[in-house]
Amino acid sequence: MPTAGELRNETLRELRAARKDMASARFLLALRDQPREVQRDAALKQLRTQQMILSLENAVLAEIRDQLAAQEQELTKGIAALAKARKNLTSVARVLDALGQVLSIVAKIAKALA
Amino acid sequence: MTRTLGILGQVLLLVLAGCGTTATVGQAGRVADAGIAYADSMPALFDESFRLAATADSLTLAENRGLLTAEERGTDLAIHDELLTERLKLLRDLKAHALVLRSYFVALKALAETDVSGEVAQATRSLAERLGKLHAPIATATIGGQPVGDLIDPVVNVAVAAYQNIALRRELDARAGAIERELALQKAAIQAIGEQMLADWDLQIQIQERNPLFMTFIEDRPLPDNWTERRIAALIRVARFEPLNTAEKAIENLHQSWIAFAEGRLGDGGLALLLRDIEDLVQLAVKLKGNA
């Protein structure tokens, strides 16, 4: 049993194939000898086919866009976590340096008290 | 003294734990480079897909225009414009999302490439000197015959790398699956856009090149000198639809490489292939931008 997405993709493939056939020189040549009403009908059908192709393609992209949008929260969390890890890394040097300053003051005090 | 050696021992254990992480910081930087280049290339591909969709649509409208009434023409053009406007909005959303994905890889690269070893070593050395003033034995302590001061630089270098590896492992534990899903969705997007581009490109060649070739051939007139060359060119142009092949190959490789990277089995060969496919995609994006 095909899924809705598979059915939509299959329909798209069929519509694209039909569009290509209707735009072929062989089809246009065969249509040339037909009454104007038949030609008009073919033209309208070709335009409806094109509209359906655009609609279905938009639906496929909208579905993917929505799924990608749902992923954005995770991406944003990842960006924050990576930035925090990097900040921690760069702060190590500052912490050690600050600790060194404190220690040198303690050393001076210890010397004065000795 | 015993306590100082104990602390150094703990640092070394941390270092060894970090070294054991198989997804390395160096690989993270290069995978991130590939991710950034991929995200940067997407807008050009999206723009090209719209250009092809609008061209195929315009050709279809123009081919059938003569058989429609003025009212039908107006109605149809409005419907098609609306559908293409919706397409533009969707592609804009996908471009905006590519920027978020790019930011993730930029953050990954920044962590992998942050080099504070020199800074930390300097601060550690000055700390050791100050500790030495407070407690003289520290200044003269040795490990394996080496003065403690001489061991600071290499230990700090490895400790910084170990920290980066541990941070990277934490990130992979937390989000490797989410990024894998993201790249799988990117693959689906490229596939959908690629199929659309190929079909629109094929239709364009059908109307602009193959149909005139066919009509020329069936007429009772001598064929023009360049007819064969034009026919061959039209036949092979669709088969060599470069954007689809290049983009599909690049996202497929990025997706698979990410999985291998997160599982710690991405080798140098895999990385080199990934970077080559991504480079092809970047070249394509440059070419598409140039044609726009």
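Which of the listed residues, A:91, B:259, B:179, is farthest toward the dipole's positive end in the protein assembly as shown, when Lys, Arg count +1 and Asp, Glu count -1 at the beta-carbon?
Among A:91, B:259, B:179, the one farthest towards the positive end of the dipole of the protein assembly as shown is A:91.
Please compute the contact order of chain B in relative form: average sequence separation of alpha-carbon pairs under 8 Å and at least six residues apart, divided by the residue count, as a percent. Display every interim value, and only then the final one.
Working: 238 pairs, mean separation 101.1, N = 292.
Here the relative contact order equals 35 percent.
Compare the peptides B:41-47, B:168-174, A:25-31 by average per-residue count of other Cβ atoms within 10 angstrom and give them in order, highest first.
In descending order of packing, they fall as B:41-47, B:168-174, A:25-31.
List the lysines whose Cα sits under 28 Å from the Cα of residue A:108, skipping any in the same chain fewer than 8 residues away.
List returned: B:133.
Counting only heavy atoms of protein chains, what accessible area per residue, in Å², does the protein assembly as shown have with a probe of 1.4 Å? The partial results should precede the final answer.
Values: 21180 Å² over 406 residues.
Counting only protein heavy atoms, the per-residue value for the protein assembly as shown is 52 Å².
Can you give me the long-range amide H partners of residue B:143? Hydrogens built in the peptide plane at 1.01 Å from N, cutoff under 5 Å, separation of 5 or more residues or another chain.
B:148
How many partner chain Cβ atoms sit within 10 Å of a residue's Cβ in peptide A:12-23, on average, as a whole number?
4
Given just the C-alpha atoms of region B:229-289, how large is their convex hull per residue in cubic angstrom?
Spelled out: Cα convex hull of region B:229-289, divided by residues, is 89 Å³.
Counting residues in region A:41-114 as N, plug N into 2.2 N^0.38 Å and put the Cα Rg over that result.
Dividing the Cα Rg of region A:41-114 by 2.2 N^0.38 Å gives 2.80.
Could you give the DSSP H helices of chain B that reach 18 angstrom or more along their long axis (alpha carbon positions) and whose average Kyte-Doolittle hydropathy is no lower than 1.6?
Qualifying helices: B:2-19.
Would you kindly derive the ³J(HN,Hα) couplings of region A:37-45 from the backbone phi angles with the Karplus curve 6.51 cos²θ - 1.76 cosθ + 1.60 (θ = phi - 60°), listing them in order in whole Hz, with x for Gly and Pro?
For region A:37-45, the Karplus-derived couplings read 4, 5, 5, 5, 4, 5, 4, 5, 5 Hz, x marking Gly and Pro.
Based on Cβ point charges of +1 for Lys and Arg and -1 for Asp and Glu, what charge dipole magnitude is obtained for the protein assembly as shown about its Cα centre, in debye rounded to the nearest 20? Could the numbers behind the result be given before it?
Details: 49 positive and 52 negative charges, 300 e Å.
Roughly 1440 debye, rounded to the nearest 20.
Sort the following peptides by mean Cβ neighbour count (other Cβ atoms within 10 Å, averaged over residues), highest first: B:78-87, B:111-120.
Details: B:78-87: 15.5, B:111-120: 18.8.
Output ranking for B:78-87, B:111-120: B:111-120, B:78-87.
For the protein assembly as shown, which whole percent of the accessible surface, found with a 1.4 angstrom probe, sits on carbon and sulfur atoms?
The nonpolar share, carbon plus sulfur, comes to 59 percent.
Using a 1.4 Å probe and counting only protein heavy atoms, how much accessible surface gets buried when A and B come together, both sides summed, in Å² to the nearest 100?
When A and B are taken together, about 5800 Å² of accessible area is lost.
Label region B:109-222 by shape, choosing from rounded, prolate and oblate, from the square roots a ≥ b ≥ c of the eigenvalues of the Cα gyration tensor; if a/c is under 1.5 it is rounded, and otherwise prolate applies when a/b is larger than b/c, oblate when it is not.
prolate
What average number of partner chain Cβ atoms lie no more than 10 Å from the Cβ of the residues making up A:39-48?
5
Before anything else, pin down the relative contact order of region B:152-292: Cα pairs under 8 Å, at least 6 apart, normalised by residue count, whole percent. Let's see the in-between values first.
On the way: 63 pairs, mean separation 41.7, N = 141.
The value is 30 percent.
The values are calculated or read from the model by the stated rules, or taken from the named source; none is laboratory data. In this text the structure is predicted, and so the values were computed from the model without any measurement. Methodologically, a virtual Cβ is constructed for each residue, glycine included, from the backbone with ideal geometry; neighbour enumeration extends over all protein chains shown. Each accessible area value is taken on the protein alone, full model and side chains, heavy atoms only, with ligands, DNA and RNA left out. Shrake-Rupley method; radii C 1.70, N 1.55, O 1.52, S 1.80 Å.
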